[in-house]
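Working notes, beginning with the structure itself.
The values are calculated or read from the model by the stated rules, or taken from the named source; none is laboratory data. For clarity, every value in this text was computed on a predicted model and none was experimentally measured. Cβ: placed from backbone, ideal geometry, glycine included. Neighbour counts: every protein chain shown.
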Amino acid sequence: MPAEKTGTILVVGGGISGLTTAVEAAETGYDVYVVEKGPSMGGRVAQLNKYFPKLCPPTCGLEINYQRIRKNQRVKYYTLAEVETITGQPGDYDITVKLHPRRVNENCTACNACVDACPVERPNDFNFGMDTTKAIYLPHQMAFPMRYVIDEKACKGGECAKCVEACKYDAIDLNMEPETISFKVGSVVFATGWDPYDASKLGILGYGKAKNVITNMMMERYAALNGPTQGKIVKPSDGEAPQTVAFVQCAGSRDENHLSYCSYICCMASLKQSTYIREQYPDAKITIFYIDLRAPGRYEKFLNKIEADENVTFIKGKVASIIEDPETGGVIVKAEDIMGGGIVEQKFDMAVLATGMQPTTAEKKLPADLKYDENGLIIEDPNKPGIYATGCAKRPVDVTTSVKDATGSALKAIQTMVRR
């Protein structure tokens, strides 16, 4: 007697790809479980100030998906959750998921009384450590679910418990324990996303040594209204406005010692971020050091617009080093200038490293029978239907492409169950 087939899909990852996969499948009539390892949905997109093609804040696009989930009872989601095992066959998979304790239950109204009472601070990982939160915190202003979470590494637990005393809704349980749940699904989609490449591995580019060297994702947080400076782009060293900024492309990408591939979005990200600076500081001077400029499809018009800006200079050549300027606290960038011939050495107030996109699976493999390339990107096997990957789990892509790919992944996940 063959096993009973289930019409349920598991989506691993709650970023823009995972959310899209989930709502597209659910609105077609299939039940979906979404498992997200963080305390909130939205992934890397939630950390952006603006995204292409409309250059609008990501909160609007994410909120549309959140509303679609709220209104659709077919979607069940778990945050602070990790898939432990996947066994079975297409149409009939057994899944176990570990739920890490949030220590804040559904009674939470996000009133902030617990935060006011908490005496302990922790680095804010949502802002890449550029500011702090309390040990009990809201992941960010547009968090979904809109519920606080306790950092168990920072929290003093029962010896403090001031947050428990401050909460009027009995929403905090410091004794909450991990749980394991199990369920069956017919197909699985991994939307496990990406991490910014670790800039500390790029020793010659000054990150961690020169105070005014930041990454492109840190720039997104500086420019965002819910970022560490409420949208004001400043020099990390003194909080003053930068008047000269260097963007360094391919920081770790297209490099056999780091990421061998092109991360696709870095050129457009730097061009976009140059507009952030020019909007805030009309007299600021920007220099973009690049190997090749890649503006796929319709984005070429945006590149042409930036190239026409007289305050933006492009230098084709690889950056050899970035060091801190001992006189000003700024940075000194040394690079080749292929078009001009020779070596250039220039001083800037700050430098932004266009670090690449590294799949989360580069560091930690998934509990499934999957193939990976040498960089940890998932390779789908057409001979093994039932388990799929989408978005940046397969290759570096922008938001628009991620959404399109996720829609296709939802269809493939559905087809697996229909054909079995």
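Of all residues in the range 249-304, exactly one satisfies the criterion of being over 21 Å from the mean Cα position of the chain (by Cα), closer than 18 Å to ASN49 by Cβ and small (Gly, Ala, Ser), namely ALA284. Return yes or no: is THR355 crowded, with 21+ Cβ neighbours inside 10 Å and within 30 Å of CYS56 (Cβ to Cβ)? Yes; evaluated as a whole, the condition is true for this residue.
Scanning the range 287-310 for residues that are of a type outside the set (A, V, I, L, M, F, W, C) and surrounded by fewer than 15 Cβ atoms within 10 Å (Cβ to Cβ) gives ASP292, PRO296, GLY297, ARG298, GLU300, LYS301, ASN304, LYS305, GLU307, ASP309, GLU310. Any residue in the range 190-203 that is within 20 Å of PRO282 (Cα to Cα) and either among the hydrophobic types (A, V, I, L, M, F, W, C) or touching a strand residue (DSSP E or B) at 6+ places or on another chain (Cβ under 7 Å) (or both)? So far as the range 190-203 goes, no, none of its residues is within 20 Å of PRO282 (Cα to Cα) and either among the hydrophobic types (A, V, I, L, M, F, W, C) or touching a strand residue (DSSP E or B) at 6+ places or on another chain (Cβ under 7 Å) (or both). The set of residues in the range 116-132 that are touching a residue at least 12 places away in the same chain (Cβ under 8 Å), of a type outside the set (Lys, Arg) and out of contact with any helix residue (DSSP H, G or I) (no Cβ under 8 Å at 6 or more places or on another chain) comprises VAL120, GLU121, ASN124, ASP131.
Okay, residues lined up against (1) out of contact with any Phe, Trp or Tyr (no Cβ under 8 Å at 6 or more places or on another chain); (2) surrounded by 16 or more Cβ atoms within 10 Å (Cβ to Cβ); (3) more than 25 Å from THR133 (Cβ to Cβ); (4) not assigned by TED's automatic domain parsing to the domain that holds LYS384:
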site	(1), (2), (3), (4)
SER182	yes, no, yes, no
ILE214	no, yes, no, yes
LEU225	yes, no, no, yes
GLY239	yes, no, no, yes
GLN249	no, yes, yes, yes
HIS258	no, yes, yes, yes
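Scanning the range 376-398 for residues that are crowded, with 22+ Cβ neighbours inside 10 Å and either part of a helix (DSSP H, G or I) or among the acidic types (Asp, Glu) (or both) yields GLY391, CYS392, ALA393. The residues in the range 55-94 that are of a type in the set (Gly, Ala, Ser) and either assigned to a loop (DSSP other than H, G, I, E, B) or over 23 Å from THR28 (Cβ atoms) (or both) can be counted, and the count is 2. Across the range 59-81, the number of residues qualifying as touching a residue at least 24 places away in the same chain (Cβ under 8 Å) and either buried (at least 16 other Cβ atoms within 10 Å of the Cβ) or under 23 Å from VAL418 (Cα atoms) (or both) comes to 16. Report, by residue number, each residue of the range 232-247 that is of a type outside the set (A, V, I, L, M, F, W, C), touching a helix residue (DSSP H, G or I) at 6+ places or on another chain (Cβ under 8 Å) and within 19 Å of THR313 (Cβ to Cβ). Matches in the range 232-247: PRO242 only.
Taken over the range 15-57, the criterion of being within 18 Å of ASP405 (Cα to Cα), surrounded by fewer than 24 Cβ atoms within 10 Å (Cβ to Cβ) and not polar (S, T, N, Q) is satisfied by GLU24, ALA26, GLU27, ARG44, VAL45, TYR51, PHE52, PRO53. Any residue that is of a type in the set (D, E, K, R) and at pLDDT below 95 - is there at least one of those in the range 42-59? Yes; the residues of the range 42-59 include at least one that is of a type in the set (D, E, K, R) and at pLDDT below 95.
Regarding LYS347, is this residue surrounded by fewer than 22 Cβ atoms within 10 Å (Cβ to Cβ) and out of contact with any Leu (no Cβ under 9 Å at 6 or more places or on another chain)? So LYS347 fits the description; yes.
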